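The values are calculated or read from the model by the stated rules, or taken from the named source; none is laboratory data. On a predicted model such as this, the values are computed, not experimentally measured, just so you know. Cβ: placed from backbone, ideal geometry, glycine included. Neighbour counts: every protein chain shown. Accessible surface areas use protein heavy atoms only, side chains included; no ligands, DNA or RNA. Shrake-Rupley method; radii C 1.70, N 1.55, O 1.52, S 1.80 Å.
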Amino acid sequence: MEEILKVNNISKRYEDITVFEKMNLSVKKGEVVVIVGPSGCGKSTFLRCLNALEDIQEGEIILDGKTVSADQKDIVELRERVGMVFQSYELFPHLTVLQNLMLAPVKVKKRNKKEVEKEALEFLERVGLLSKKDNYPRQLSGGQKQRVAIVRALIMHPEILLLDEITAALDPEMVKEVLDVVLSLAKEGRTMLIVTHEMQFARAVADRMIFIDEGRIVEEGSAEEFFERPKTERLRKFLQTFSYELKDA
Ligand code: ADP
Ligand code: MG
């Protein structure tokens, strides 16, 4: 498979803090890579560097063979080619669902309005929200807003989609409706880099798992290896924090 994203030795520092140093990652077209790790280990910062929401101090980011490191001149290109969905949806409250979806493709990409509308409606149908097209964000549940946010990223035709804990703020009964959308995107061959704490979902969706701790990739492997036969004590301990043992009465 062809490589779509390559990250070479990127480092991120704030004045006196190093968030991560010399990170490397390669993602193939159609691959789904899931990143897990303890809170504060640098997952969000890493994803934010990949779509130029943060600058990097060292290294390079190569998208589809072209170096687009996150310095000033590449920001627009990275933001357009790398889609991102966050924990909070950040839809515009004064715009309807359809208007939220059409804003960037029409204003930024100067695409034809009718054509964008047609595409937006098709996507809304796919995520089960066609009937909400004229509603405002406040009239939607959290799970519905997050599905709109996914469509808002997809309609920009990103080469890779980054998802940063997109179900972390949702009530439990809404988590599945959002993750089902992500699973269907994986099945149709979308390239995705996903940060999540939903381990069952991770296992179901991942072609490859990555464990980051203290700003370093500690372990990576297929979902099966990763969950069934973790190689490091640190990953074993981390995975244990997601399971409960029933104590004898
Ligand atoms: P994660 O998403 O894995 O929980 P983050 O990427 O949010 O972790 O944060 C990684 C580390 O970077 C944390 O120690 C955090 O305090 C630090 N950090 C994040 N943003 C900033 C910032 N703007 N200034 C200083 N430190 C930051
Ligand atoms: Mg985070």
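In the chain, with Lys and Arg counted as +1 and Asp and Glu as -1 at Cβ, which of these residues, Gly143, Val218, Phe201, has the Cα nearest the positive end of the dipole, that is, farthest along it?
Of the listed residues, the answer is Gly143.
Would you mind telling me the share, in percent, of accessible area of the range 3-244 contributed by carbon and sulfur at probe 1.4 angstrom?
For the range 3-244, the apolar C and S fraction of the accessible surface comes to 49 percent.
Of all alpha-carbon pairs in the chain, indicate the percentage at a distance above 33 angstrom.
20 percent
How much accessible area per residue does the chain have, counting only protein heavy atoms and a probe of 1.4 Å, in square angstrom?
Heavy-atom accessible area per residue stands at 52 Å².
Antiparallel as a % of all DSSP beta bridges within the chain, to the nearest 5? Don't skip to the answer; put the middle values down first.
Values: 20 of 36 bridges.
Bridges in the chain are about 55 percent antiparallel.
Quick one: Cα centre-to-centre distance for the range 209-249 and the range 1-73, in angstrom?
Answer, in whole Å: 22.
Summing Lys, Arg as +1 and Asp, Glu as -1, what charge do residues with Cβ under 11 Å from the Cβ of Leu170 carry, Leu170 excluded?
The answer is -2.
How do 158-165, 12-19, 226-233 rank on mean C-beta neighbours within 10 Å, highest first?
Top of the packing list down: 158-165, 226-233, 12-19.
Please quote Rg/Rh for the range 57-114 to two decimal places, taking the Kirkwood radius as Rh and restricting both calculations to Cα atoms.
That ratio equals 1.07.
Please tell me which of these pairs span more than 22 angstrom C-alpha to C-alpha: Lys109/Lys176; Lys12/Lys73; Lys29/Lys114; Lys43/Lys237; Lys22/Lys66?
Details: Lys109/Lys176 32 Å; Lys12/Lys73 18 Å; Lys29/Lys114 30 Å; Lys43/Lys237 18 Å; Lys22/Lys66 19 Å.
Pairs exceeding the cut-off: Lys109/Lys176; Lys29/Lys114.
Using a basic spin-label model with each label point 7 Å from the Cα along Cα→Cβ, how many nm lie between Tyr244 and Asn8?
Distance between the two pseudo-spin positions: 4.9 nm.
Work out how much length Glu54 to Ser131 would gain on full extension: take 0.36 nm times their residue separation and subtract the Cα-Cα distance, in nm to one decimal.
24.1 nm
Please give the residues of the range 147-180, grouped as numeric ranges, whose backbone N is less than 19 Å from a label point set 7 Å along the Cα-to-Cβ vector of Asn112.
In the range 147-180, the label zone of Asn112 (backbone N under 19 Å from the point 7 Å along Cα→Cβ) covers 155-157.
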